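The values are calculated or read from the model by the stated rules, or taken from the named source; none is laboratory data. Since the structure is predicted, the reported quantities are computational estimates derived from the model, not experimental observations. Don't worry about glycine lacking a Cβ; one is built from the backbone with ideal geometry, like all the others, and counts go over all protein chains shown. In case anyone asks, the SASA skips ligands and DNA or RNA and just uses the protein heavy atoms, side chains included. Shrake-Rupley method; radii C 1.70, N 1.55, O 1.52, S 1.80 Å.
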Amino acid sequence: MRFVDEYRDPVAARRALSEIRTLAGERSVKFMEVCGGHTHTIYKHGIEQILPANVELVHGPGCPVCVIPMGRVDDAIAVAETPGVIFTTFGDMMRVPGGDGNLLQAKARGADVRMVYSPLDALAIARDNPERQVVFFAVGFETTAPSTAITVLRARDAGITNFSVFCNHVTIVPPLKAILDSPDLRLDGFIGPGHVSTVVGNRPYRFVPERYGKPLVTAGFEPLDVLSAVVMLLRQLADGRCEVENQYSRVVRDEGNPRALAVLAEVFELRPHFEWRGLGFIAQSALKLRAGLALWDAEDRFDIPGVRVADPKACQCGEVLKGVIKPWECKVFGTACTPETPIGTCMVSSEGACAAYYNYGRLARTPVVLSPSPVGPTPVGAAGSPGPVTSDTAEMAVCRVHLAARSRGDDR
């Protein structure tokens, strides 16, 4: 990949859509995009609108902020309000609601809560404030866990003992198993998470086709990446195959990132169980610091309440995270629950499904009718150059946001 425009080419998009229509035929299929980044790509670029009505994409539990339960947010607030503590966190976590408000409200009450861009920023704050205890609110899948691990090792090696981590890192495989075991959701395949896979690789997903008989294609985050992944899934179904494929081979390797995996193994161990919003307690689905690093573990250093808090009855984040309902089917979506006044986590995070639907105006499904064109399929390679699509309407639907951004001069 030389330029991002290669993955937003309208001609290639039209070709991919033509092949999707041909491969799907009349049968209805439902694929889950596991990662919230894919959900935002799908709705930002109008992909959901131009897919055939019988090809449905549903979102999964791959938003790291969205899956944090309210009780863990309340635990974070309790630590933040401890005298002498500087509590650091990523920006989107500051607005995630708990049972006792959010971290921004705790800051307004007098807690020293600071936004950071990385755990190393929090470590620098600890170095500059040796008389204070500095806590980093660590969240995310295996994607962000290596940066937390490296920071803990640097704190240990530098002898910085006024720094600790409130660890809420989660792992991707257990929630996938929980989704597949759920009786209320029928899926025909998965668009695998791209960012997580840069660390863990594709091998951990082999249980999906082997045990559950569902294909999985790891995909990148540009529009043509997503369309290519859909084509590859449909080809597997058409060929009677069921395997893990890698559309994102320009970044993801089957074995993952060995150095990142090594540092994870050095710093973390699996928790016996962890609560997920919408999915309940899942065994061995989250990470904690190893016993030898307890000095940098906030859960050992502070009195954590550990109280489980039920979600508000009006909030249906759990069903949204499992792909059981679309955000617009939630009773409070776009009315009581907006990005300015979020009731649930899915409306807060930059990867949240509700935020994607709301910000890009998807209040209902409004498919674009494509004019048929008998164009033969063209191979979809791992680099994402999909094969054949027609209709200027489709082209504009896929590319309108991109072109508008370029006209403003703010495209990536």
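The table for this structure:
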item	result
Amide H partners (placed H, <5 Å) of ASP297, local residues excluded	VAL165
Simple spin-label estimate for ARG27 and ASP181 in nanometres, 7 Å along Cα-Cβ	2.8 nm
Stretch gain in nm, segment ILE304-PHE281, where the contour uses 0.36 nm per residue and the Cα spacing is subtracted	6.5 nm
Of GLY201, LEU51, THR345, farthest towards positive along the dipole that unit charges on Lys, Arg, Asp, Glu beta carbons give the chain	LEU51
Expected 222 nm ellipticity per residue - DSSP helices of 4 or more, -39500 (n - 2.57), all of the chain, to 500	-10500 deg cm²/dmol
Rounded FRET efficiency, nearest 0.05, which uses the C-beta distance separating TYR360 from LYS313 and R0 of 35 Å	0.80
Linear extension gain, THR161 paired with ILE325, 0.36 nm per residue minus alpha-carbon span	54.5 nm
For the range 99-108, 3J(HN,Hα) per residue [Karplus equation, 6.51 cos²θ - 1.76 cosθ + 1.60, θ = phi - 60°, Hz, x = Gly/Pro]	x, 10, x, 10, 5, 5, 5, 5, 4, 5
Label-point gap, in nm, between THR335 and MET115 - each point 7 angstrom along Cα→Cβ	3.1 nm
DSSP-defined beta bridges in the chain - what % are antiparallel, rounded to 5	20 percent
Restricting the range 52-141 to chymotrypsin sites (Phe, Trp or Tyr not before Pro) in coil, as DSSP defines it, with at most 10 other Cβ within 10 Å	TYR117
HN-Hα J in Hz across the range 306-321 - Karplus 6.51, -1.76, 1.60, θ = phi - 60°, x for Gly and Pro	x, 8, 7, 10, 6, 5, x, 4, 6, 8, 10, 4, x, 5, 5, 5
Student exercise, the chain dipole from Lys, Arg, Asp, Glu Cβ charges, in Debye to nearest 20	380 debye
DSSP-loop GluC sites (Glu not before Pro) across the range 271-370, with at most 14 other Cβ within 10 angstrom	GLU340
GNM result for the chain, Cα springs below 10 Å: residue of PRO305, PRO119, PRO327 fluctuating most strongly	PRO305
Value of relative contact order over the range 233-290, rounded to a whole percent, pairs C-alpha under 8 Å and six or more apart	23 percent
Interchain or long-range residues, amide H under 5 Å from ARG114's placed H	PHE87, THR88, THR89
Cleavage-rule hits, trypsin sites (Lys or Arg not before Pro), the range 21-78, DSSP coil, Cβ neighbours within 10 Å at most 13	ARG27
About the Cα centre, charge dipole magnitude for the range 151-210 (Lys/Arg +1, Asp/Glu -1 at Cβ), debye	240 debye
Hz values of 3J(HN,Hα) by residue in the range 122-132 - Karplus curve (6.51, -1.76, 1.60), Gly and Pro given as x	5, 5, 5, 4, 5, 5, 7, 10, x, 8, 10
Normalised contact order of the range 99-196, rounded percent, pairs of Cα under 8 Å and 6 or more residues apart	26 percent
Average accessible surface area per residue within the chain, 1.4 Å rolling probe, Å²	40 Å²
Carbon + sulfur, % of accessible area of the range 1-148 - ligands and nucleic acids excluded, 1.4 Å	51 percent
Inter-label distance, nm, simple model (7 Å from Cα along the C-beta direction), GLU243/GLU255	2.0 nm
Segment ARG211-ASP5, extension gain: residue separation times 0.36 nm, minus the distance between their alpha carbons	70.3 nm
Relative contact order (%) - the range 170-239, alpha-carbon pairs under 8 angstrom, separation at least six	32 percent
Portion, in percent, of the accessible area of the range 162-258 that falls on carbon or sulfur, probe 1.4 Å	45 percent
